[in-house]
Amino acid sequence: MPRQLHFSAALDSPGHVRADHYTALARAAERATLDFVTLDDSFTAAPHRPDALAAFARLAPATGRIGLVPAVTTTHTEPFHTSISVNTLDWVSEGRAGWLVTVSGTEEEARAFGRRPVAPPPELWAEAADAVEVAARLWDSWEDDAEIRDIATGRFIDREKLHYTDFQGRYFSVRGPSITPRPPQGRPVVVVALAADDLPERTALATRYADVVLLDAPGPDAARAAADRLRLQAGEQLRILLRLGLALPDRAAADALTERIARTGGVDGFHLVPADPGRDLAAFADRVAPALRARGLLRARYTGRTLRDHLGLARPASRYAAGPDPVAATAPAATRSPAEVSR
Amino acid sequence: MTGRPLKQIHLAAHFPGVNNTTVWTDPASRSQIEFSSFRHLAETAERGKFDFFFLAEGLRLREVKGRIHDLDVVGRPESITVLNALAAVTDRLGLAATVNATFNEPYELARRLASLDHLSEGRAAWNVVTSSDAFTGENFRRGGYLDRADRYTRAAEFVRLAREFWDADGAQVRHAGPQFDVTGTLSLPRPPQGHPVVIQAGDSEEGREFAASAADVIFSRHSTLEAGQAFHADVKRRLAAYGRKPDDLKIMPGVTYVLGDTDADAHERAAEIRRAQVGPRTAIAFLEQVWGVDLSDHDPDGPLPAADPVPDSELVQGRTRLGDPLEIAARWRATAAEKNLTTRELVIELTGRQSFIGSASTVAAQLDEHVQNDAADGFILVPHLTPGGLDDFVDQVVPLLQERGVFRTEYTGRTLREHLGLPSPAGG
Ligand SMILES: Cc1cc2nc3c(=O)[nH]c(=O)nc-3n(C[C@H](O)[C@H](O)[C@H](O)COP(=O)(O)O)c2cc1C
């Protein structure tokens, strides 16, 4: 039997700010038993859209199993706020949150904040890596069993199980611990969009921290080669989803897509980018998903609860859980292995 | 009340998250972090036709003697994210987030609040707070860089700029002021309420002036009749200078309540709750906040420490300063002597935050009395149990307020502004 693939879809639909629009799309994606949906974001005037994390928080209680992966940029947003916001999305969705890590590289965005001039992309992605590192440390900063409610000693928490993150980097420092307890998934799923020949800094962030890469490649061969390269650097736990345009005006297009998916090798699945989200996600759920299920390429129903479950990723232990000594606070970030950091 | 129509009471529900308001030792106490808890309280508040649901904020965990304080409930979510989720499970309830103006940027926060207002169809509110201590600042890029005097200067310009963004309705905003020099365009149309409701929760002269100039609601802490009337009169008097009418600003003190079958039952329960909230170690921690020294060896059931406090100590972090320690200690000693109280009893007395205690009908009558006599326009209720602490109020007190004709029986409006009877801001 062939290996089941992982599927996700972008819900981006310029011009929409109402909750029911996004809820309908997410429900269609859930009908297709996709692993997760994404929503892009930026601090620019166009397109018209709400804050991505806000939109996904709004639809969390209106959906049941689908993973929710909003874009959150790291350039102008405080890393502490990002960490607790994504953490909170995991709480309100009961373990279905992820974070599509992006940067704000335009003059327009820099002027909207008026805090600093626009920086070159390599610097922005290096800073993004620090933001992800800090977020992960803050997620870990409460061990899972930190809340003890011990009536005998009058202690609500065991403070030995709360840890200072003490991050000091080139761009910012964060003392910690988090104000938000460790999220249900331990760490929400970190997602990075990457082109086959992307910037070294962006690729480095992906191979070091990402659980999922949304890969842009010019063709199947380039995709396979890029995926092999990424796996070599990141390890087998990285899920690589190839970005795939989705336009399903009729049955013939659905059949062709099914064939294309079945033929493409070397990746773990696909990130669908609909041309017309309302039409295409419904068509995918109604026509393509059943055909993929018949071939054993798509789950028949959700078997897990969390986004990590869907992706077959283990729930990570807190890096601090081994003992009272906060590992991350003493070891320089660069010398630690990726496995230690993001899994 | 001579022929004057009855004032309508506004009610809000504070989610009892962190600190020692909550009695976590109570068997009915549940999670302060799981979504089901937020959902339960919000659904209860909406069942009771409340104006809004309120979340506080603290951006660093409290410390005592350089260590994380471990006696009270800690661990809370990011407010705006929770409120967006609650917008999906409620229909009319206003959704108020406390968000610090010091550790955020206007463009981003204006956009997040506009998003909440759109996604909830006009139910967003922002409680503007300004704490700027370096202790909290250690979690942020900028650190604790703002002088106390500058906090409200930044906050006031922050709110003005946020409103410029909301009014722009997707057009570009250029703002060059002393605090902010930005040019930006929100990706959203004007929020359904025009401006999300702005709440203020500071008590200083600067705080009151800021509220009079810019806030729709004040979350005050003056919960007795006399103090409430004085505060109410003071703040409402300030409005004219800004071309505003007294009704444009609602004053809603944060209050606790304890219900019982009889008034005596309620008082007995209230005393139990106070003892549960102030355990021996909590009493000592409270004392250390003023004394500024380690008092772990001090007997909570004995008198206050004989030695004087150490001023300017940094022993306790993440809590508002109470004032001059020597003065406070002298005052406390006098109270303890006068009423013959042990250390713990004194702390229970001093931190007594139960504003309304009695049977449902007593509490309903007291609340009404406060509002009709201009000590408040409504209340932000702070229950002591998570998340079921509002159930009894909604089941028992709300119907009595409705019978008195001072509280709505159905929502008549859609937006939070409509619930509060606030004017719609003119278009930009
Ligand atoms: C009832 C009440 C509730 C408050 N809640 C918060 C809060 O949740 N988070 C916070 O950072 N500050 C909170 N504050 C602090 C105030 O916003 C303000 O920063 C503080 O009172 C100092 O300002 P002031 O000098 O004007 O009093 C609260 C204050 C009051 C009176």
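The numbers here are math on the coordinates, done by the rules we state, and not lab data. It should be emphasised that the depicted structure is a prediction, and the values quoted were computed from it without experimental measurement. Note: ideal-geometry Cβ built from the backbone for every residue, glycine included; neighbour counts use all protein chains shown.
The chymotrypsin sites (Phe, Trp or Tyr not before Pro) of segment A:202-293 include none that meets both conditions, a loop assignment by DSSP and at most 16 other Cβ atoms within 10 Å of the site Cβ. In this label model, B:R333 and B:D169 are separated by 6.6 nm, measuring between points 7 Å along each Cα→Cβ vector. By other beta-carbon atoms within 10 Å, ranking B:K245, B:K49 with the fewest at the front produces B:K245, B:K49. The label-point distance for B:D265 and B:V293, in a model that sets each label 7 Å from Cα toward Cβ, rounds to 4.8 nm. About its Cα centre, segment A:1-95 has a charge dipole of approximately 320 debye under the convention of +1 per Lys or Arg Cβ and -1 per Asp or Glu Cβ, with nothing else charged. If I take R0 = 41 Å and measure r between the Cβ atoms of B:E349 and A:R305 in this structure, what FRET efficiency does the formula 1/(1 + (r/R0)^6) give, to the nearest 0.05? Efficiency for this residue pair is about 0.25.
Placing one equal scatterer on every Cα of chain B and applying the Debye formula, the log10 ratio I(q)/I(0) at q = 0.06 Å⁻¹ is -0.25.
Most simply put, the protein assembly as shown has about 15% antiparallel DSSP beta bridges, counting only bridges with both residues inside it. With distances taken between every two different alpha-carbon atoms, segment B:1-148 has a Kirkwood hydrodynamic radius of 17.1 Å. The peptide list A:189-202, A:160-173, A:113-126, put in order of mean Cβ contacts within 10 Å with the highest first, becomes A:189-202, A:160-173, A:113-126. Between B:L6 and A:D228, how high is the FRET efficiency from 1/(1 + (r/R0)^6) when r is the Cβ-Cβ distance and R₀ = 56 Å? Nearest 0.05. The formula returns an efficiency of 0.15 here.
Pairwise inverse Cα distances across segment B:285-428, averaged and inverted, put the Kirkwood hydrodynamic radius at 19.3 Å.
Taking every residue in B:81-93 and counting other chain Cβ atoms within 10 Å of its Cβ, the average works out to 6. Considering all alpha-carbon pairs of chain A, what whole percent are spaced by more than 27 angstrom? For chain A, the fraction of Cα-Cα distances above 27 Å is 45 percent. Adding -39500 (n - 2.57) for every DSSP H run of four residues or longer, then dividing by how many residues chain A holds, sets the calculated 222 nm ellipticity at -11000 deg cm²/dmol. Dividing the radius of gyration of the alpha carbons in segment A:167-302 by their Kirkwood radius gives 1.06 for Rg/Rh. Each label point was placed 7 Å from the Cα along the Cα-to-Cβ direction; for B:D301 and A:R3 their separation is 6.7 nm. Expressed as a fraction of 2.2 N^0.38 Å, the value expected for a compact globular protein of N residues, the C-alpha radius of gyration of segment B:1-83 is 1.41. For B:R30, the residues whose modelled amide H falls within less than 5 Å of its own, excluding neighbours fewer than 5 places apart on the same chain, are B:T386, B:G388. Directionally averaged projected area (the protein assembly as shown, Cα convex hull): 33.7 nm².
Net charge dipole, the protein assembly as shown: roughly 1760 debye, given to the nearest 20, about the Cα centre with Cβ charges of +1 for Lys and Arg and -1 for Asp and Glu.
Other chains' Cβ within 10 Å of B:108-118 residues: what's the mean? Counting other chains' Cβ atoms within 10 Å and averaging over B:108-118 gives 5. 3J(HN,Hα) couplings calculated from phi for segment A:87-93 with the Karplus curve 6.51 cos²θ - 1.76 cosθ + 1.60 (θ = phi - 60°) are, in sequence order, 4, 5, 4, 5, 5, 6, 9 Hz; Gly and Pro show x. Sorting B:T21, B:T90, A:T88 by the number of Cβ atoms found within 10 Å of their own Cβ, with the fewest placed first, yields B:T90, B:T21, A:T88.
Rg of the Cα atoms in segment A:54-202, relative to 2.2 N^0.38 Å, amounts to 1.15.
Computed from backbone phi with θ = phi - 60° and the Karplus coefficients 6.51, -1.76 and 1.60, the 3J(HN,Hα) list for segment A:115-120 is 9, 7, x, 5, 10, x Hz; x is used for glycine and proline.
Over segment A:163-242, the Kirkwood radius and the radius of gyration, each from Cα atoms, give a ratio Rg/Rh of 1.08.
Please name whichever of B:S37, B:A155, B:F379 sits farthest to the positive end of the charge dipole of chain B, dipole taken about the Cα centre and charges placed at Cβ: Lys and Arg +1, Asp and Glu -1. The listed residue farthest towards the positive side: B:A155.
Helical content alone sets the calculated 222 nm signal of chain B at -11500 deg cm²/dmol, taking -39,500 (n - 2.57) per DSSP H segment of four or more residues and averaging over every residue. Placing +1 on the Cβ of every Lys and Arg and -1 on the Cβ of every Asp and Glu, with nothing else charged, gives segment B:279-320 a dipole about its Cα centre of roughly 200 debye.
Estimate the FRET efficiency between A:R149 and B:T412 by the formula 1/(1 + (r/R0)^6), using the beta-carbon distance for r and 41 Å for R0, to the nearest 0.05. It comes out at approximately 0.45. The peptide list A:216-229, B:193-206, put in order of mean Cβ contacts within 10 Å with the highest first, becomes B:193-206, A:216-229.
For segment B:155-268, the C-alpha radius of gyration divided by 2.2 N^0.38 Å, with N the number of residues, is 1.41. Ordered by the count of other Cβ atoms within 10 Å of each Cβ, fewest first, A:F7, B:F356 give B:F356, A:F7.
Among the GluC sites (Glu not before Pro) within segment B:238-335, those in coil by DSSP and having at most 16 neighbouring Cβ atoms inside 10 Å are B:E314. Across the options A:V132, A:A152, A:A71, the greatest Cα extent toward the positive end of the charge dipole of the protein assembly as shown (unit charges at beta carbon of Lys, Arg, Asp, Glu) belongs to A:A71. The phi-based Karplus calculation (6.51 cos²θ - 1.76 cosθ + 1.60; θ = phi - 60°) puts the 3J(HN,Hα) values of segment A:264-275 at 6, x, x, 10, 8, x, 9, 10, 7, 10, x, 6 Hz, whole numbers, x for Gly and Pro.
For A:G98, the residues 5 or more places off, or on other chains, whose built amide H falls under 5 Å of its own are A:L68, A:V69, A:V189. Over segment B:64-174, consider all pairs of different Cα atoms and compute the Kirkwood hydrodynamic radius from their mean reciprocal separation; express it in Å, one decimal. Hydrodynamic radius (Kirkwood, Cα only) of segment B:64-174 equals 15.7 Å.
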